[in-house]
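The next block holds one structure in the form of structure tokens; read it before the comments.
The values are calculated or read from the model by the stated rules, or taken from the named source; none is laboratory data. Please read these numbers as outputs of a predicted model, since none were measured by experiment. Note that each Cβ is placed from the backbone with ideal geometry, even for glycine, and that neighbours are counted across all protein chains shown.
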Amino acid sequence: MKKWSFLLVLFFIGCSHQNVEPKKEVPVVKPVVKPVVKPVLTPEEIEAKRIQKIKDSIQKEFLKRIDNLALKNIKKAPLYRDKNEFVIDPNTQLMWQDDKSVIRDKYYQTEAESRCENLKFKNYENWRLAKQNELYSIVDKRYYPAIKPVFKNISIGKYWASESTKYVDFTYGDIGEGHLGKAYVRCVRKSIVLRFKTKRDMSLYEAIKGNNDTFYVYQNKTGKFDKFVYFEYPFLELEGFTRSLFNLWYKPRKIKKPNDNIKMEKLNLPKPLQLVKSEYETNEMFEARKIRLQKQREEKIALLKKEYQKKLDEKKAKLKEELNKYLLQKAEVQEEQKYKDSIKEAKLKEFQKIAFNTMMGKFYLVKKSYDAEKEIMYATLKSKRANYKALLEIKVPVMDSLDFVNNIDKIKIEPNFLFKDGKIILTSVKVSLHNKTYYTKVIKQNYEITNRETGLEYDSNFDFIMNQKFEL
């Protein structure tokens, strides 16, 4: 019985193997890699690409020179109080809020953080609650309250820090921690601080890269650059400013020529053999030792000379590479100067506009009077930086007059100037409000010189663009 069972099992196994189909090999399909075909550029596209490369190189060098006017390492500079009710610390590069609210309003700490985050003070945002060590940096225990005297709004009491339950008490300048209920808040924000060697460097930097977050100091003194001070003749000041910007841009890029003198250390070869025959060796043994050592010396000399020659060849190859790079850079600089010459006049106009905008600042109107019968608004055009003003007649209908006065700070002003015979002349002004333009006539214009500090130098040889219309 067992025998028949065993045979049946073998039979079924054989049948199952007969019914199983052999596995088919799946062919591996390799991905077809298509060759990258670079687009064929037209001669015009190649030339445009070359010009753009030159432009980028010139602009990069120009901005680098502008950056080099500023020394970013501020050390032991005094705190500076701006007229806009904030204090700037050049050492920590922090701007501190210092208006009446810092001694008037108290908050729970949960409110203090959101108070600073939502603060929009004097056109500045990004305020935050100060850290405890930041608050302590303005403590001065020689005074009572214990705060540096540059701060005008001071109070005896505790001020919240951003760390949970931490504070600084300016009564005696102590730090502490604990639940206080309500306390004062003095917000802070980061402010970029740059130091310049001269006011001239500072003004040039501000003209190209200045922004509201930058604070400037010069000649180891503090002072925000908020007004350009003219010579007695503002045209000369504008000319000098334009020339300085143009020279920074036009000056060829410096490239260093590699030194073609290859310096190599002296090859130290093994000293000649000075053998002494021992009494314990025969003449044959001595000669054999002499030949063996001489052979070793020659092999060592050959190896040293080979290594020396290899280093020399490497230095020669490196020098050749540096010379080729130098010649390439020299050709690039020549191309850059050739391109600069081709756009010289246009660039002069551009820098003239930048210099003028920096000197004059934003223009604004100040109402003098209104004649309802003639429908004429008499207003003074002023610039925020220069001591410049012009009297204007603006044709404003009676129905628009009240809205015009109430929104005088929102009026868009587009003055047109002419540089002629050493003078800056206002030829016309476009005045518009709510997309409506009002006819404007220039009655009188003048400069009032209130301060004659030393300004930018004047160079009579500079090719300044004369007798041209200048539109902002």
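The table below lists the values:
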| quantity | calculated |
| --- | --- |
| Lone unmet requirement of (1) within 18 Å of the chain's Cα centre (by Cα); (2) at pLDDT 70 or above; (3) of a type in the set (A, V, I, L, M, F, W, C); (4) buried (at least 17 other Cβ atoms within 10 Å of the Cβ) for ILE192 | (4) |
| LEU391 being buried (at least 21 other Cβ atoms within 10 Å of the Cβ) and part of a strand (DSSP E or B) | no |
| Matching residues in segment 297-317 - criterion: being among the small types (Gly, Ala, Ser) and surrounded by 11 or more Cβ atoms within 10 Å (Cβ to Cβ) | none |
| Helices (runs of 4 or more DSSP H) contained entirely in segment 37-141, each with at least 2 residues that are polar (S, T, N, Q) and surrounded by 13 or more Cβ atoms within 10 Å (Cβ to Cβ) | 132-136 |
| Among residues of segment 100-117, those that are polar (S, T, N, Q), within 35 Å of the chain's Cα centre (by Cα) and more than 11 Å from ARG128 (Cβ to Cβ), counted | 1 |
| Residue, farthest from PHE62 (Cα to Cα), within segment 320-354, restricted to residues that are exposed (fewer than 15 other Cβ atoms within 10 Å of the Cβ) and hydroxyl-bearing (Ser, Thr, Tyr) | TYR326 |
